[in-house]
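Please read the structure below before turning to the comments.
Each value in this text was obtained by applying a stated rule to the coordinates, not by laboratory testing. Please read all numbers here as calculations on a predicted model, not as lab measurements. As a convention, Cβ positions derive from the backbone with ideal geometry for all residues, glycine included, and neighbour counts pool all protein chains shown.
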Amino acid sequence: MRERLLDYLLCPRCSGELTIKKADQIKDEIREGTLLCHGCQAIYPIINYIPRFLSKAQLGHFQQTWRNFGFSWRRFARIYSDPRDFLDWIKPVSSDFFQGKLVVDAGCGPGLHALFAAQFGAKEVIAFDLSPAIEVAFNNVRRWPQVHVLQADIYHLPLKAMFDYVYCIGVLQHLPDPELGFLNLVRLLKENGCLSIWVYGYEGTGLVRSIIDPIRRLTSKMPLFLVYLTSYWPTAIVYLLTRAAHWIQARKSSPFKESFIRSLPLGEYLAYMAQFNFSYIHNSVFDQLIAPITWYFRKDEVEAWFKKAGLAEVNISSRNQMSWRGFGRLTLDSN
């Protein structure tokens, strides 16, 4: 942990200011130590350079999600090394948008999206995650001094309301209360700050909900390494389907190829995934099989979250006809 991270932190219990105590410092980073709240006297440990804001009760509440996705991110530590997917998830935001901004990566997984934000010119990036994969994130971003990682959950955030941009990709659909998680992220924004989210859509996912969901209710409780091994088979099927979609796209002589792909079940999704390798697709399939909680949202539900938060310039767009991207800005009128 770098000492300047304190400028952005507060106590998640009482919103009090924090002070570093008993610090074991190596160069400009604190390897071990504690954070003490001036208000309620709560103590939060710094372990292996990472501030930890999790109680045993919180970990118990999220135990299965914490366990399953922690395994996934350790197994696929470098899976999101291509920024194209990240930028597609947060459209209409572009790489230029990050320049000079204070950014939060909410549910950072292996931390590579936070790395992209830094590479795009963000002033500071605060990346948090619930799972022990935060160790993976730290290792992936530690050479970038403007990226900070901490372990926290979205319902008890230790962050001040001072950020220019918050993004949350693929997290809300796995929460017990997705709307509350969304509203907590809005609270991190300063005036004119912006929020991007990406969630599973209800529209376009009938096949997934009818076939994958019943399987997931079983596989999410199975030994993770067994699910990891058996997931190679459905991954091989999906991979072959993406190759077929790519072949159709490559046939320039067909004037109907785009409409034909869109008419196929999951056609637009398969065509998009054709640009990625087998390992990337394996990660997507594996994550589908291990999530203990999965929600699917209609477009009007996502719009309702943004309206309830009073955000302006709201843009809800479809991604591959299976999911929703949401964007909004917190204006003076929003407050």
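Things to note:
- Counting only alpha carbon atoms, the long axis of helix 278-290 and the longest principal axis of the chain meet at about 70°.
- Here r is the Cβ-Cβ distance between N192 and E3 and R0 is 30 Å; the resulting FRET efficiency, rounded to 0.05, is 0.60.
- Placing pseudo-labels 7 Å out from each Cα toward the beta carbon at K221 and I43 gives an inter-label distance of 3.9 nm.
- The 3J(HN,Hα) values that the Karplus relation (6.51, -1.76, 1.60; θ = phi - 60°) gives for region 148-164 are, in residue order, 10, 10, 8, 9, 7, 10, 5, 8, 9, 7, x, 10, 7, 8, 8, 9, 7 Hz. Gly and Pro appear as x.
- Here the label points at I237 and L332, each 7 Å from Cα along the C-beta direction, are separated by 5.7 nm in the simple model.
- Free-standing Cys, the chain [no other Cys Cβ under 4.7 Å]: C108, C168, C194
- Distant-in-sequence amide H partners of G201 (H built 1.01 Å from N, under 5 Å): F297, S323, W324
- Proxy reagent accessibility, fewest Cβ within 10 Å first, across S231, S284: S284, S231
- Charge context of T219, other residues only, Cβ under 13 angstrom, K/R +1, D/E -1: +1
- Amide hydrogen neighbours beyond the local backbone of R2, cut-off 5 Å, H modeled: I30
- Most to least packed among 116-126, 186-196 [average Cβ atoms within 10 Å]: 116-126, 186-196
- Relative to the longest principal axis of the Cα atoms of the chain, helix 299-308 runs at roughly 20 degrees.
- Under the Karplus curve 6.51 cos²θ - 1.76 cosθ + 1.60, θ = phi - 60°, whole-Hz ³J(HN,Hα) for region 92-107, x wherever Gly or Pro sits: x, 5, 10, 4, 5, 4, 6, 3, x, 9, 8, 10, 10, 9, 8, x
- Legend: residue pairs K27/K190; K101/K307; K160/K221; K91/K221; K22/K221; K101/K308, Cα-Cα distance threshold 29 Å; pairs beyond threshold, K27/K190; K160/K221; K91/K221; K22/K221.
- Angle between the chain longest axis and helix 232-250 axis [Cα atoms, degrees, rounded to 10]: 60
- Taking 0.36 nm per residue of sequence separation and removing the Cα-Cα distance, the V314/S279 pair yields an extension gain of 9.2 nm.
- Test item: Cα-centred dipole of region 98-249, Lys/Arg +1 and Asp/Glu -1 on Cβ, debye: 280
- Pair E203, L180: separation of 7 Å Cα→Cβ label points (nm): 2.9
- Among W305, W89, a tally of other beta-carbon atoms within 10 Å of each Cβ gives an order, fewest to most, of W89, W305.
- By the beta-carbon count within 10 Å of each Cβ, the least crowded to most crowded order of V104, V171, fewest first, is V171, V104.
- Pairwise FRET efficiency - I26 versus H246, Cβ, R0 = 45 Å, nearest 0.05: 0.40
- Of (1) 19.9; (2) 22.4; (3) 20.8, the label for Kirkwood radius over Cα pairs in Å derived from the coordinates: (3)
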